[in-house]
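Encoded as structure tokens, the structure appears first; notes follow it.
The values are calculated or read from the model by the stated rules, or taken from the named source; none is laboratory data. These numbers come from a predicted model, not from an experiment. FYI the Cβ positions are ideal-geometry reconstructions off the backbone, even for glycines, and counts take in every protein chain you see. Heads up: the accessible areas ignore ligands, DNA and RNA and are worked out on the full protein's heavy atoms, side chains in. Shrake-Rupley method; radii C 1.70, N 1.55, O 1.52, S 1.80 Å.
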Amino acid sequence: MNLRLSPEIATALQAEAERTGRSQQEIVRDAVARHLHLVEDDSFATDRDQARSAHVVRPARVAYRKVTPRLHLPEGTDSLGLLNRDDRF
């Protein structure tokens, strides 16, 4: 079987595979099994899945997307240096 995904879904699937250390195939197989109600055991459910089903958190409104930095620090400055300033308090 071949599966053609939109670029957004393919990117999100790749990111989820990298984040969880699972293969993309494993993630897709698990999603299809859940969608078809073939998995009765909730042992595959992640903390996020359990929180979603309990309505503690809601799923993202927008699919995964890469974020581009909006702020660039001056050369030689890092965020830790900004936090450790004497004039901060």
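Among the residues of region 44-64, just one is open to solvent by less than 80 Å² (accessible area, probe 1.4 Å) and either over 25 Å from Glu8 (Cα atoms) or at pLDDT 85 or above (or both), namely Ala54.
Among residues of region 1-28 that are within 18 Å of Asp49 (Cα to Cα), those with a Cβ under 8 angstrom from a residue that is among the hydroxyl-bearing types (Ser, Thr, Tyr) and surrounded by fewer than 13 Cβ atoms within 10 Å (Cβ to Cβ), sequence gap 6+ or separate chain, pair up as Ala17/Ser23; Ile27/Thr20. Among the residues in region 65-79, are any hydrophobic (A, V, I, L, M, F, W, C), open to solvent by less than 100 Å² (accessible area, probe 1.4 Å) and modelled with pLDDT under 80? No: region 65-79 contains no residue that is hydrophobic (A, V, I, L, M, F, W, C), open to solvent by less than 100 Å² (accessible area, probe 1.4 Å) and modelled with pLDDT under 80.
For region 10-26, filtering for residues that are in contact with a Phe, Trp or Tyr (Cβ under 9 Å, 6 or more places away or on another chain) and of a type in the set (Val, Ile, Thr) leaves 1.
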